[in-house]
Structure formats: C-alpha cells, structure tokens
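A quick write-up on the structure given underneath.
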C-alpha cells in the first residue's frame, strides 16, 4: 500500500472516528481522496471488540446510536463486543466509509508546506487536517507500588481480563474505584476463594444519574482540558450508580471497600497498620490514558501535562482535532464532537486552497 494525499485523515474507527467519518461524508468530501479512516483493529468495533466476553449488552450503561443509523433492537444477553462490532461493521457499509485496517499509526509530523505526514506501518498519508479518535484502550494505566516486582502471583489489568473462570479458587485483590472494577469484582467473587476490593479514595455512590449530573461532569472535564490539564476520571465526578447489582454485592459483603495497601509482598499485600491479605492475583482496574504518543512530534502538550483544547480543536494547531478526549469521551459526546470538528475542518479547508504536491 503506498502513501496518499488527502484532505483529512481520521485516526481510529471507534464511536468517535465513525461519527467523524459520517459528518465528513455529509460534508461532501470524497472517500479516499477527501478523507480516510485509519484503524488499528483487526475488524470493526473499535475498543468494544476488545471487551471481555462476559460483558453482556445488558451490563453496559448505554451505547448511544451513531448518527444516521440506529443500533435498533438487540438481544441484551449477547456479548456487547459482538453486538457493537456488528453494528459498526454495518455502519461502515451503509455510508461507504473508507476504513483502512489494520493500520497502526507510528507518528505524525509537520511538513514545510503546512500539511501533515501521518506515518504508519502501511505507508504515509499526507493530509491538510487530522481528526484523532484513538481513544484510551491501548494505553492502560498501571500504578507503581513498593514491592510490586516481588509479587509471586499474577498481575493483570482490566484490558487483559477475559472472564472469571481463570480466577476460580484464587485469592484476588481488585484495585480501582470505577465501574469496571465493581463489574469484574462481581464476576470474580462468584468463583474466587476470596476477594478484597481496594481504592485510593472512598467510593461515592450516586442514587441517580440524569442530565444535570451529566452536564456537571462534562463541564468539569472540559474546564480541565481548557487549561491544558489531563482530563481526569469521569467516575471521580459522577460517582458510581447505585444499581441493584451493587446493592446485592453490598448485602453479601463483597462490596466492602478497603483503603489502598501500603506495599506488595511476594504472597500478597500489606497495609500500613499491619493488616495483610494473602493473594494469588492482583487485578488493576486503574483506568486508561489517552493514546496520543504518535502526536508527540507536533509538540502539542501544555505545561500542565495535558493538551490545551478549544472545543475539539487543539488550541495551538488548528489542523488537529481530538475526538473522544476530555468532554467528548462518552458515546454521545463523541457524536457531538464529530459534528463540531468536521464543521471547523470544513471551514479550514475552504479558507485556503490545497497546496500543490511537489513533483
């Protein structure tokens, strides 16, 4: 596959990337010459295709419809990974989106003519604008604790989880205060010899989560990215929804929360007060970070460690938009971000003629 000159490159074909592709299609850009989507996955579905098989559609908080084509009725007992992969595949076909996969983007570089080179393992695309929709799944966050390297058991992250069966008869520490942590804790507790749930901060349980709570959460995340700070955790803003499942876990004692341990020893974990828990497995449900290393050559990061944003646009580079970053990280937020970004990209493309490629 050879490199190409296009007006817009979209990196990623998950919810945010497909939404962007739809609005680029609606804006009249031609597939392949006007825009392309470069996706690192083996098939459609974005990060959803990597979710653990025991995550059923009924256990997902919500999958917002992509613009122009509804998900429709789906069996709630089917694995979410299968349902979403099928939906995304149908979406790509419906709108003829030019998705190239598997294509892994290595880096993005400035060119003297004002365009960008998107260098990949399948060649280089040269583009006038970039919509980055790489999400977070490929960048799991692993905290570091004293003694971690001495642990004789197994350590894994949410991204590695494939179901509770491998934890049967094991003593498991589940680390993390997010939704994934309590979902996996519930499954593992059914088969494990013992579990212990630990979090850095006491969890906050929300009796309800409506539009007002959603607006507050988005506003707080947006405030951070507007000053160049990393987006932060959404659960830290919204709390954990107090579902019937969590009530059952609380009543059975599984949901008893312990503060973060002080250190890790070969056969378990130890707290500062001398309390110990003998463990075979430590499951780090400690979240993910935005996949942005390929943008490092553009020097977009602010002193605060994040990227200073103006809506979806990187404040210091009008050619670059980040979708699924900060306030647009939710599925509904990704749709809105795609529309807004393409509107600005369209103005950018119309404001100056395309540079003439050197011969």
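I'd like to check something: does the stretch 228-251 contain any residue that is surrounded by 18 or more Cβ atoms within 10 Å (Cβ to Cβ), closer than 27 Å to residue 263 by Cα, more than 23 Å from the chain's Cα centre (by Cα) and at pLDDT below 95? Checked against the condition, which is being surrounded by 18 or more Cβ atoms within 10 Å (Cβ to Cβ), closer than 27 Å to residue 263 by Cα, more than 23 Å from the chain's Cα centre (by Cα) and at pLDDT below 95, the stretch 228-251 yields at least one hit. All conditions but one from (1) closer than 21 Å to residue 341 by Cβ; (2) within 19 Å of the chain's Cα centre (by Cα); (3) modelled with pLDDT of 90 or more; (4) in a loop (DSSP other than H, G, I, E, B) apply to residue 64; the one that does not is (3).
Scanning the stretch 125-165 for residues that are over 15 Å from residue 261 (Cβ atoms) and without any contact (Cβ under 8 Å) to a residue 40 or more places away in the chain, which turns out farthest from the chain's Cα centre (by Cα)? Spell out how you get there, then give the answer.
The initial filter retains those residues of the stretch 125-165 that are over 15 Å from residue 261 (Cβ atoms), namely 125-142, 149, 152, 154, 156-165.
Retained after the next criterion (residues that are without any contact (Cβ under 8 Å) to a residue 40 or more places away in the chain): 149, 160, 165.
On the way: 149: 27, 160: 15, 165: 26 Å.
Of everything passing the filter in the stretch 125-165, 149 is farthest from the chain's Cα centre (by Cα).
Just checking, does the stretch 111-120 include any residue being within 24 Å of the chain's Cα centre (by Cα) and without any contact (Cβ under 8 Å) to a residue 60 or more places away in the chain? Among the residues of the stretch 111-120, at least one is within 24 Å of the chain's Cα centre (by Cα) and without any contact (Cβ under 8 Å) to a residue 60 or more places away in the chain, which makes the answer yes.
Residue count for the stretch 131-158 satisfying the condition of being more than 30 Å from residue 115 (Cα to Cα), crowded, with 19+ Cβ neighbours inside 10 Å and out of contact with any strand residue (DSSP E or B) (no Cβ under 6 Å at 6 or more places or on another chain): 1.
Identify, please: which residue in the stretch 256-285 is buried (at least 20 other Cβ atoms within 10 Å of the Cβ) and in contact with a helix residue (DSSP H, G or I) (Cβ under 8 Å, 6 or more places away or on another chain) and is, among those, farthest from residue 109 (Cα to Cα)? That would be 264.
Of all the numbered requirements in (1) surrounded by fewer than 15 Cβ atoms within 10 Å (Cβ to Cβ); (2) in contact with a strand residue (DSSP E or B) (Cβ under 8 Å, 6 or more places away or on another chain), residue 128 misses one, and that requirement is (1). Among the residues making up the stretch 167-184, a single one is modelled with pLDDT of 95 or more, under 17 Å from residue 285 (Cα atoms) and surrounded by fewer than 22 Cβ atoms within 10 Å (Cβ to Cβ): 171. For residue 36, the conditions (1) at pLDDT 95 or above; (2) not in a strand (DSSP E or B) are fulfilled apart from (2).
The values are calculated or read from the model by the stated rules, or taken from the named source; none is laboratory data. Just so it is clear, the model here is predicted, and its values are computed rather than measured. Cβ: placed from backbone, ideal geometry, glycine included. Neighbour counts: every protein chain shown.
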